[in-house]
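The values are calculated or read from the model by the stated rules, or taken from the named source; none is laboratory data. Predicted model, so just to flag it, every value in this text is computed and none were measured. All Cβ positions, glycine included, derive from the backbone under ideal geometry; neighbour counts span all protein chains shown. Side chains included, ligands, DNA and RNA excluded: accessible areas come from the protein's heavy atoms. Shrake-Rupley method; radii C 1.70, N 1.55, O 1.52, S 1.80 Å.
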Amino acid sequence: MAEILNAHGSLNDIFVTELAPGDFASDTDLRAFVRRLCDRRGPFGGDGVYFYDASRAVPEAWFFNPDGSAAEFCGNGMRCLGRVLLDRRGAETAEIRSGIRDYTVRRGATTPEGVHQVRLEHPAVDFDPGVPVVAGRSPAVRARLPELDPALAFTAVTIPNPHLVALIDKYVESDLVAMGEQVAARRETFPAGANLSVLLPLGPDEVFVRTFERGAGLTASCGSGMAAARAVYSRIGRADPERDVLIRNAGGMATASLGVREGQWYPVLEGNATFVYRADVDPAALSAATDPAAREPYPDEVRAYAALDEQNAARLRAVGIETP
């Protein structure tokens, strides 16, 4: 049996489990486990799985999207995993290796509602990524991609997941979904895939970000999408890098800034890491027959976040943003 923890960052719900890919008999078994665990038609359901090995001085982690595909890392998931390791070690800061990079997590402030937050420091952003946006065009330049939307300019950035970010003046969810599906389908243009985010300014230090994620589709929020959008916001001259900007999304909010070191930008994102429930599952036998009543919930954390989320939802309604 293995313990799974369901946690979320801005309602982007992620499973965290102390397993490693090598614990499965085959890669096929590993990916089938991820798909069954994340399948919302089954007993659980989620937006991805973070596996981790805490036996090393720097814990190693592996993230998988709900379709079973691997990703370099997950921003919201990293905050949740970070809180697990900080609690486990009784520490204020920790390093975690995900993919080929190390990430720093720190305890953040607890909100007045009682919501636990974690501060995640990303590697430097790259505005000249190895993701060809259009042949012959530099992805460092804001590019028009008429096949997505001729009226928008897109900026490519890796963080380290590949992202395309566009500034908009009105949010229409169906437009984002249509563009995201085109990116997913156009392997000749986006061979590694890309997360697609739209960025809507709401005030001097407040924006709305929504992301269509590769391998997951439209989720309540995307941590790396928020960090990528924050970097692009400064890239296009809308905010000084080191200034805190409140980023709202369909599932909540986070605060982001860019640390500046040796001419590079290092996004810092602080947001919730909320525990929802834990359960014991048999990885080899996980199926729709698994009893969901075996869950052990964290009701106080769920209530605290619900109060904070209602404030965010009220703000989005006030500015006319609808996220069904």
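Observations on the model:
- Selection status of ARG31, in contact with a Gly (Cβ under 6 Å, 6 or more places away or on another chain) and within 18 Å of PRO283 (Cα to Cα): yes
- The range 105-131 - residue that is free of Cβ contacts under 8 Å to residues at least 60 places away in the same chain and open to solvent by less than 20 Å² (accessible area, probe 1.4 Å) and, of those, nearest to VAL16 (Cα to Cα): VAL105
- Checked against (1) under 15 Å from THR111 (Cβ atoms); (2) open to solvent by 30 Å² or more (accessible area, probe 1.4 Å); (3) small (Gly, Ala, Ser), GLY271 passes all but condition (2).
- Residues (open to solvent by 30 Å² or more (accessible area, probe 1.4 Å), of a type outside the set (A, V, I, L, M, F, W, C) and either closer than 27 Å to ALA227 by Cβ or under 23 Å from the mean Cα position of the chain (by Cα) (or both)) located in the range 1-36: GLU3, GLU18, PRO21, ARG31, ARG35, ARG36
- Unique match (being closer than 25 Å to VAL268 by Cβ and free of Cβ contacts under 8 Å to residues at least 40 places away in the same chain) among ALA61, ALA71: ALA61
- So PHE63, is it among the aromatic types (Phe, Trp, Tyr), closer than 24 Å to GLY252 by Cβ, at pLDDT 90 or above and outside any loop (DSSP other than H, G, I, E, B): yes
- Residue in the range 37-51 that is modelled with pLDDT under 95 and open to solvent by 60 Å² or more (accessible area, probe 1.4 Å) present: yes
- Failed item in (1) surrounded by fewer than 24 Cβ atoms within 10 Å (Cβ to Cβ); (2) closer than 21 Å to GLY108 by Cα; (3) among the aliphatic types (A, V, I, L, M); (4) in contact (Cβ under 8 Å) with a residue 40 or more places away in the chain, with VAL260 passing the rest: (4)
- Screening the candidates ALA192, ALA156 for the property of being more than 25 Å from GLY320 (Cβ to Cβ), surrounded by fewer than 22 Cβ atoms within 10 Å (Cβ to Cβ) and either touching a His at 6+ places or on another chain (Cβ under 9 Å) or in contact (Cβ under 8 Å) with a residue 24 or more places away in the chain (or both) yields one hit, ALA192.
- Residue check, ALA239 over 17 Å from the mean Cα position of the chain (by Cα) and aliphatic (A, V, I, L, M): yes
- Check on ARG97, modelled with pLDDT of 95 or more and surrounded by fewer than 23 Cβ atoms within 10 Å (Cβ to Cβ): yes
- Test set (1) out of contact with any Cys (no Cβ under 8 Å at 6 or more places or on another chain); (2) surrounded by 23 or more Cβ atoms within 10 Å (Cβ to Cβ) - GLU72 fails condition number: (2)
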